[in-house]
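Asks: Dropping the structure in here first, questions after.
The values are calculated or read from the model by the stated rules, or taken from the named source; none is laboratory data. The shown structure was predicted, so the numbers you read here are calculated from the model rather than taken from an experiment. Note: ideal-geometry Cβ built from the backbone for every residue, glycine included; neighbour counts use all protein chains shown.
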Amino acid sequence: MSRILYCIAQFTPKEGKSDILFETLKALEPDTLREDGCLSYRVTKQIENPFAEGESMPIVFHETWASVDDFERHCQRKGIVDFFEKECLSKNGLVKHYNVTVYRDE
């Protein structure tokens, strides 16, 4: 049985804030990739493609963690908590909407 946890964290930026939000999220990558249990952590931008016309938020993190515990430690790390407080929860933040979901492959 796999212990691996997959996370999709999606973000819709406020009007005119897409580039700065993407760069802010990219800045989280280096420290996160050094965390125990982080198998992959990549922020991406949605692109247009005629073979993938589904709806999504325009900026998405694709994360893979060795365990639920590793993911939960990551979520409690100061830099991650600070990002969500400043950019997602504050009325002055860069994020209009966000959605974080986790999955297993078992």
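Asks: Based on this model, can you work out whether PHE83 counts as part of a helix (DSSP H, G or I), surrounded by 14 or more Cβ atoms within 10 Å (Cβ to Cβ) and at pLDDT 95 or above?
Replies: yes
Asks: Does any residue in the stretch 31-57 that is in contact (Cβ under 8 Å) with a residue 40 or more places away in the chain come within less than 8 Å, Cβ to Cβ, of a residue that is hydrophobic (A, V, I, L, M, F, W, C) and surrounded by 15 or more Cβ atoms within 10 Å (Cβ to Cβ) six or more places away or on a different chain, and which pairs are these?
Replies: From residues that are in contact (Cβ under 8 Å) with a residue 40 or more places away in the chain, the pairs are THR32/CYS38; THR32/ILE80; MET57/PHE11.
Asks: For the stretch 1-51, enumerate the residues that are part of a helix (DSSP H, G or I) and closer than 18 Å to CYS75 by Cα.
Replies: Across the stretch 1-51, the qualifying residues are THR24, LEU25, LYS26, GLU29, PRO30, ASP31, THR32, LEU33.
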